[in-house]
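Starting off with a structure, shown below.
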Amino acid sequence: MRRDTYKHQGLRKQLIEAVRREGFHDELVLDAMYKLPRHLFLEKAFEEWAYQNVAFPIGSDQTISQPQTVAIQTSLLDIQKGETVLEVGTGSGYQACILSLMGAKVYTIERQSKLFAKTDILLRDLGFVAIRTFLGDGYAGLPMFAPFDKILVTAGANAIPENLISQLAVGGHLVIPIGDADVQTMWRYTKVSDTEMRSESFGKFKFVPFLKGTQ
Ligand code: SAH
């Protein structure tokens, strides 16, 4: 197992300061980000990139989201301890671990089998045994574990997936980037009642695409 050194911790502090400078001040989220060694989610050769405030390739044509984006999405979810959260797009597993450190019961789905297998092992190695990982199509959600208090989509969708709305608990939030391939708007939907949704938008982002089916 690779180590977390004082040097890594120092770099992590600087990363947190960089996220703060961008105007982000949710201390609970920053705390979780300070605790989690982001370099362990990248190949050893690219470790030095882990503490830059940028997205980075993780293989299989996918990226680990920019720290700033992880901070914003996590904060929009407004996680309370013990809540169940469904994450769509496990990727490197970094975001799932942040949610777990915030006290959520995390369910996460990935559509790519190679990435799924690699990340599943990493999460166990890091001791995040409570995170439940699934290989599948996030468009379907996880009906057998619904309703979820919160749902987070970490890939760019072109429309709001109906299944995810129906798997959201009343009072819960769905945080999802929606747009075309080049740019998406971050939306937070709140399920006000069984039939009513409220929506708020939070600026422009660029995610890898939310694709149908598994591979
Ligand atoms: N949350 C990740 C970032 C992932 S990038 C992290 O912390 O590293 C988006 C991920 O969504 C990719 O791994 C991609 O394969 C996955 N994805 C795209 N469409 C999907 C779908 N329909 N179901 C599940 N995962 C999907």
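The values are calculated or read from the model by the stated rules, or taken from the named source; none is laboratory data. The structure presented is a predicted model; accordingly, all values stated were derived computationally and were not measured. As a convention, Cβ positions derive from the backbone with ideal geometry for all residues, glycine included, and neighbour counts pool all protein chains shown. Heads up: the accessible areas ignore ligands, DNA and RNA and are worked out on the full protein's heavy atoms, side chains in. Shrake-Rupley method; radii C 1.70, N 1.55, O 1.52, S 1.80 Å.
Could you check, for segment 123-141, whether at least one of its residues is surrounded by 15 or more Cβ atoms within 10 Å (Cβ to Cβ) and in a helix (DSSP H, G or I)?
Yes, segment 123-141 contains a residue that is surrounded by 15 or more Cβ atoms within 10 Å (Cβ to Cβ) and in a helix (DSSP H, G or I).
Here is a follow-up. Quick one: which of V175, V170, V153, V192 is on the phi < 0 side of the Ramachandran plot, surrounded by 18 or more Cβ atoms within 10 Å (Cβ to Cβ) and more than 9 Å from the ligand (Cβ to nearest atom)? Explain how you work it out, then say what you get.
Details: V170 fails: surrounded by 18 or more Cβ atoms within 10 Å (Cβ to Cβ); V153 fails: more than 9 Å from the ligand (Cβ to nearest atom); V192 fails: surrounded by 18 or more Cβ atoms within 10 Å (Cβ to Cβ).
Within the list V175, V170, V153, V192, the selection yields V175.
Follow-up. Would you check if there is a residue in segment 181-189 being away from the ligand (no atom under 15 Å from the Cβ), hydroxyl-bearing (S, T, Y) and in contact with a Leu (Cβ under 7 Å, 6 or more places away or on another chain)?
Yes, segment 181-189 has at least one match.
In this structure, is D26 within 25 Å of G203 (Cα to Cα) and either among the hydrophobic types (A, V, I, L, M, F, W, C) or open to solvent by less than 50 Å² (accessible area, probe 1.4 Å) (or both)?
Working: within 25 Å of G203 (Cα to Cα): yes; either among the hydrophobic types (A, V, I, L, M, F, W, C) or open to solvent by less than 50 Å² (accessible area, probe 1.4 Å) (or both): yes.
In short, yes.
For segment 142-166, enumerate the residues that are within 15 Å of the chain's Cα centre (by Cα) and either part of a loop (DSSP other than H, G, I, E, B) or free of Cβ contacts under 8 Å to residues at least 40 places away in the same chain (or both).
Once the filter is applied, which keeps residues that are within 15 Å of the chain's Cα centre (by Cα) and either part of a loop (DSSP other than H, G, I, E, B) or free of Cβ contacts under 8 Å to residues at least 40 places away in the same chain (or both), segment 142-166 yields T154, A155.
A further question follows. Condition first: closer than 16 Å to G138 by Cα and near the ligand (Cβ under 6 Å from one of its atoms). Now tell me which residues in segment 93-124 satisfy that.
Matches in segment 93-124: Q95, I109, E110, R111, Q112, L115.
For segment 55-62, check the following and say yes or no: at least one residue is surrounded by 15 or more Cβ atoms within 10 Å (Cβ to Cβ) and assigned to a helix (DSSP H, G or I).
The answer is no; no qualifying residue exists.
Now, a different point. Select from segment 74-92 the residues that are more than 14 Å from the ligand (Cβ to nearest atom), assigned to a loop (DSSP other than H, G, I, E, B) and on the phi < 0 side of the Ramachandran plot and write down the one among them that is surrounded by the fewest Cβ atoms within 10 Å (Cβ to Cβ).
Residue satisfying both the conditions and the ranking: K81.
Further question: Return only the number of the condition from (1) touching a strand residue (DSSP E or B) at 6+ places or on another chain (Cβ under 7 Å); (2) surrounded by fewer than 23 Cβ atoms within 10 Å (Cβ to Cβ); (3) among the aliphatic types (A, V, I, L, M) that L99 does not satisfy.
(2)
In the list A45, A71, A55, which residue meets the criterion of being more than 13 Å from the ligand (Cβ to nearest atom) and either out of contact with any Phe, Trp or Tyr (no Cβ under 9 Å at 6 or more places or on another chain) or closer than 25 Å to R111 by Cα (or both)? Talk me through it step by step, then tell me what you get.
Numbers: A71 fails: more than 13 Å from the ligand (Cβ to nearest atom); A55 fails: more than 13 Å from the ligand (Cβ to nearest atom).
Every option except A45 fails the conditions.
Need pairs with beta-carbon distance below 6 Å; first residue of a type in the set (G, A, S) and within segment 202-214, second in a loop (DSSP other than H, G, I, E, B); sequence gap 6+ or separate chains.
As it stands, the answer is G213/D137, since those pairs meet every condition given.
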